[in-house]
Amino acid sequence: ISTDLALSLRLVGGITTRASTQFIPTSSSFNFVRAEVEKRFSNGLFSAYYERNLMYGGNSVNVTFRYDLPYARTSLSVGYNNQDVVTSESVQGGLMFGGGNGYVYTGKNPAMAKGGIAVYPFLDLNNNGRLDQGEKMINLPSLKIMGSNLKVSRKDSVIRIPDLNPFTSYFLEFSDYDLDNITWKFPKKTYSVLIDPNQFKRLEVPVVPMGEITGIAYMNYKGTLKGTGRIQIIIYEKGSRKVVTTILSESDGYIYYLGLLPGEYTAEIDPAQLSALGLISEPPEHAFSIRISEEGDSVEGIEFILSKKE
């Protein structure tokens with residue numbers, strides 16, 4: 001049975017000193033005494049100690065220096081014990097290739113058997129889900145992923161996520177609020193990626209510029225036009241009756257919708273609502289096109305005039 005006693009004191013300049021000893025009650029004697037000094041700085045540590053073994057008369061001295069480089073963690077230690085000098089040196093770190101554009105990931109921890117994800121957010125002008133020649137990359141400030149640090153490159157817009165466990169699925173979540181343009185949207189906001197060891201897995205994430213329409217729904221009161229609310233406008237794919245979306249006019253009759261992919265569309269007042277209210281619409285429908293545009297196309301003048309059936 002022994003009792004350890006220690007005293008630590010922090011000095012100015014980040015220097016810490018410690019004194020410790022071990023007392024053995026059964027023999028009423030001290031086993032050893034030890035004095036330490038330690039200095040920490042931004043990328044490393046220096047420490048030294050002297051220990052005297054009171055039972056056997058031995059002396060020990062040790063000096064250790066550790067320093068973290070951008071790509072490795074280094075350590076050098078020199079020790080003296082009973083006329084023997086022991087030195088040790090160590091370097092540990094890791095490199096990971098395959099992040100795209102000649103990027104090499106460097107880290108202080110071994111990268112063997114680890115994996116990563118290289119995320120390519122891009123503006124998908126032709127809406128095919130693939131990064132084609134001529135389609136530009138998008139600077140994305142962040143994304144959500146559990147258990148990892150992001151490496152965002154402003155140079156090539158690729159987001160690299162290193163040090164992931166292999167054969168494990170990670171969920172990535174994207175938000176439209178992180179995009180620079182209000183018309184840009186993620187058609188898919190959540191991805192599951194299975195990690196392969198010793199490499200970055202490429203993940204292309206399309207961003208689509210959406211089109212918008214604006215207009216107004218009027219009610220004809222004996223020749224006087226007044227905007228009217230809660231009128232239901234249905235947008236179809238042109239040439240079919242496939243419903244893309246349904247819009248309600250605002251209280252003043254204003255019609256607005258953002259979220260149309262490039263293509264051909266028709267808009268009309270809901271026939272069921274017209275029949276229930278005994279109204280007719282002029283014109284019966286509007287045909288319009290959403291063009292491919294990096295900033296998102298805008299169509300104005302979608303107007304309907306409603307009046308009572310005669």
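Summary table below
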item: Tabulated pairs, segment 185-204, first farther than 10 Å from G115 by Cβ and open to solvent by 60 Å² or more (accessible area, probe 1.4 Å), second part of a loop (DSSP other than H, G, I, E, B) and not polar (S, T, N, Q), C-beta under 6 angstrom, 6+ apart or interchain; result: K189/F174
item: Selection count where residues are free of Cβ contacts under 8 Å to residues at least 60 places away in the same chain and open to solvent by 40 Å² or more (accessible area, probe 1.4 Å), scope segment 255-267; result: 3
item: In segment 278-293, residue surrounded by the fewest Cβ atoms within 10 Å (Cβ to Cβ) [restricted to those that are farther than 18 Å from T246 by Cα and of a type in the set (A, V, I, L, M, F, W, C)]; result: I292
item: Counted residues, segment 22-41 - those being more than 17 Å from L11 (Cα to Cα), open to solvent by 40 Å² or more (accessible area, probe 1.4 Å) and under 52 Å from the mean Cα position of the chain (by Cα); result: 2
item: Selected residue (only one of N59, N101, N82 is loosely packed, with under 13 Cβ neighbours inside 10 Å, within 30 Å of I161 (Cβ to Cβ) and either at pLDDT 80 or above or touching a Ser or Thr at 6+ places or on another chain (Cβ under 9 Å) (or both)); result: N101
item: Tally, over segment 210-242, of residues that are within 34 Å of the chain's Cα centre (by Cα) and surrounded by fewer than 12 Cβ atoms within 10 Å (Cβ to Cβ); result: 0
item: Single condition G116 does not satisfy, out of (1) open to solvent by less than 20 Å² (accessible area, probe 1.4 Å); (2) under 19 Å from L194 (Cβ atoms); (3) at pLDDT 85 or above; (4) in a loop (DSSP other than H, G, I, E, B); result: (4)
item: Which listed residue is farther than 23 Å from P187 by Cα, loosely packed, with under 13 Cβ neighbours inside 10 Å and in contact (Cβ under 8 Å) with a residue 24 or more places away in the chain, from D270, D252; result: D252
item: Selection from segment 1-30 of residues that are part of a loop (DSSP other than H, G, I, E, B) and more than 18 Å from M55 (Cβ to Cβ); result: L11
item: Those residues of segment 140-168 which are open to solvent by 60 Å² or more (accessible area, probe 1.4 Å) and either part of a loop (DSSP other than H, G, I, E, B) or modelled with pLDDT of 90 or more (or both), in sequence order; result: P141, M146, G147, N149, R154, K155, N165, F167
item: Scan of segment 294-310 for residues that are farther than 22 Å from G239 by Cα and open to solvent by 40 Å² or more (accessible area, probe 1.4 Å), ordered by number; result: E294, E295, I305, K308, K309, E310
item: Subset of segment 176-227 (residues that are β-branched (V, I, T) and within 26 Å of T245 (Cβ to Cβ)); result: I182, T183, T190, V205, V207, V208, I213, T214, I216
item: Flag for T74 being touching an Asp or Glu at 6+ places or on another chain (Cβ under 7 Å) and either open to solvent by 40 Å² or more (accessible area, probe 1.4 Å) or assigned to a strand (DSSP E or B) (or both); result: no
item: Pair list, Cβ < 6 Å and 6+ apart or interchain, from segment 1-16 residues that are at positive phi to residues that are surrounded by 11 or more Cβ atoms within 10 Å (Cβ to Cβ) and among the small types (G, A, S); result: none
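The values are calculated or read from the model by the stated rules, or taken from the named source; none is laboratory data. Keep in mind that this is a model prediction, so the values were computed, not measured. Backbone-built Cβ (ideal geometry, glycine too); neighbour counts: all protein chains shown. Note: areas computed on protein heavy atoms with side chains; ligands, DNA, RNA excluded. Shrake-Rupley method; radii C 1.70, N 1.55, O 1.52, S 1.80 Å.
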